[in-house]
Amino acid sequence: MFELHHLTANEQLDGLRRGEWTSHELVEHYLARIERLDAGLGAFAEVTPALARSRAAAVRELSPALPIWGLPFADKDLVARAGVATRYGSRARATHVPEVSDELAATLDAAGGVSLGKTATPEFGFPSYTEPLVGPIARNPYDRAIGAGGSSGGAAVAVAAGLLPFAPGSDGGGSVRIPAAATGLVGLKPSRGRVPALSGFGSLAGLPTAGPLARTVADAALLLDAMTGDSGRPWATTPPTWDGGAFLSAAVRGEGRFSIGVSRFTPWAAQHDIVIAPEAEEALAVAARELDTLGHGLEELTFDDEPGYGPAFRAVWQGGAAALPLDDADLARVEPLTRWLVETGRRLPARALAESLAFLAGFERRFIAQAARVDAVLTPTLALTPRPVGWYDADDGERNFEQQVLYTPFTSMVNVAGLPAITLPVHVTAEGLPMGVQLVGRAGREDVLLALGAQLERRLHWQRRHPAAWSE
């Protein structure tokens, strides 16, 4: 039986503009699914039906030409929305209700979207899994004993299970790509500065940016177009020859032949015994085979060892946590990993942090230079299959951090380099779990990644794969 969530976001938008259904009907459809299914999935930290219905009525007065006019989405629980509980996945902020919205929420409102609430995130977005003590565990719709990854885990669960057509996430070390790979979605981390509302320029090492999670490449491109907002800002990286809708256009056309370097490089290998699971190797082989069949030029690509990367990234990660506005009473309420990050970060000498930032700036230049001879670099997204709920050490921060590295050794280097990267769900394990691959592009060339993704999607048809919750 046909239901509205069976349509892609682009198809829903086309129907809205043709008058085949209204934003109110879409909102009611998704709210009903959330009420029926989310208790067993943990996608949402907060649902706001009254605000969503009011907003759906208001968008009727807005221009249908807006990028995501009338389409439902949800804010990640790291993004403040005025009047809505924003807990940052933490017991230390359990009662926090902001008076002013963050710029990303305002940007998506200006693009015509309708927020249904807040998607679940781990505490302050630091872990690569979403099992916060303050709220729901984000469970993988393909197997609810398996986690959804993080930190945009709730967003990924919502899209994969058909509780939203697409969702914005944020990515400071892989937080869009990791949960997208674990739940069978397309996830895109844009170039540093591409999304003005979360450009990365205001953070240590310029790591975080906002990016879309979606079932199809074209849907990810549609949301990315909406997220770019005011691309005329001086720090934006939008090429001046592009106009509105350029990312969607690139995804729909899906044209071009490109040079691709295949790599298993991870800068974490100097400090950790990185093991790539057979399932991750199989995903890489599927992608390489299909890209070769499509006529792209593939070559093995190697990078120099980076023994200083692990200590430098770790110091910057701890330094970012140190800046969290947490007093002693707050620290008594946060989770052990957060407390470890904050306390070790606050003990970090300024000179050590400065040296770590300088090292990562050098890594950025070296990585870009070594990748320059190809249009994109193909890697696994995850080294291991999606991890079971409760797999991470809940008490030992050192061990927890190491576990995250072993699971996700290919993602943080892209944030350090400021490059765009897309995760594509090219493979399914014998147990039925999704496995993704990562394509890393040149700075500002999200269009190349979207074109490559569209070509693979046409061959592999991952948009036809759904978890059981899809039909419930």
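Quick note: the coordinates plus some simple rules give every number you see, no bench work behind them. Being a predicted model, the structure only gives us computed values, none of them experimental. Counting neighbours? That spans all protein chains shown, and the Cβs are built from the backbone with ideal geometry, glycine included.
Descriptive notes on the structure:
- Normalised by the number of residues in the stretch 364-460, the mean separation of alpha-carbon contacts (under 8 Å, six or more apart) gives a relative contact order of 33 percent.
- Rounded to whole numbers, the Karplus 3J(HN,Hα) couplings from phi for the stretch 181-194 are 5, 6, 10, x, 10, 8, x, 10, 9, x, 4, 4, x, 5 Hz, using 6.51 cos²θ - 1.76 cosθ + 1.60 with θ = phi - 60°, and x at Gly and Pro.
- Proxy reagent accessibility, fewest Cβ within 10 Å first, across Trp268, Trp69, Trp391: Trp391, Trp69, Trp268
- Mean residue ellipticity (222 nm) of the chain, computed from DSSP H runs ≥ 4 via -39,500 (n - 2.57), nearest 500: -11500 deg cm²/dmol
- Once backbone amide H atoms are built at 1.01 Å from N, Ser115 has Phe73 as its partners under 5 Å, excluding neighbours fewer than 5 places away on the same chain.
- Normalised by the number of residues in the stretch 4-471, the mean separation of alpha-carbon contacts (under 8 Å, six or more apart) gives a relative contact order of 17 percent.
- Length gained when the stretch Arg346-Asp14 is fully extended (0.36 nm per residue, less Cα-Cα span): 114.4 nm
- Gap separating the Cα centres of the stretch 5-45 and the stretch 429-470, nearest whole Å: 22
- Fraction of beta bridges assigned by DSSP in the stretch 4-471 that are antiparallel (%, nearest 5): 70
- Residues Glu35 and Ala430, FRET efficiency given R0 of 30 Å [Cβ-Cβ distance, rounded to 0.05]: 0.30
- Cut-off under 5 Å, modelled amide H: who pairs with Ala421 long-range: Lys189, Gly441
- Between Arg366 and Ala443, the FRET efficiency estimated from the beta carbon spacing at R0 = 25 angstrom works out to 0.95.
- Across the stretch 35-44, coupling constants 3J(HN,Hα) worked out from phi with the 6.51/-1.76/1.60 Karplus curve, θ = phi - 60°, read 4, 7, 10, 6, 4, x, 10, x, 6, 10 Hz, and Gly and Pro carry x.
- The amide H of Leu382, built 1.01 Å from its N in the peptide plane, has Gly436 as neighbours under 5 Å, considering only residues 5 or more places off or on other chains.
- For Cα extents along the principal axes in Å, calculated from these coordinates, the label among (1) 80, 60, 40; (2) 79, 50, 41; (3) 59, 58, 48: (3)
- For the stretch 249-346, the relative contact order is 32 percent, taking Cα pairs closer than 8 Å that sit 6 or more residues apart in sequence and dividing their mean separation by the residue count.
- Order of His466, His296, His96, His427 - criterion: other Cβ atoms within 10 Å of each residue's Cβ, fewest first: His96, His466, His296, His427
- Residue order for Lys76, Lys189, fewest other beta carbons within 10 angstrom first, comes to Lys76, Lys189.
- The stretch 240-357 - convex hull of the alpha-carbon atoms, volume per residue in Å³: 233
- Integer Hz, Karplus 6.51/-1.76/1.60 couplings in order for the stretch 463-472, x for Gly and Pro: 5, 8, 8, 9, x, 4, 4, 4, 9, 7
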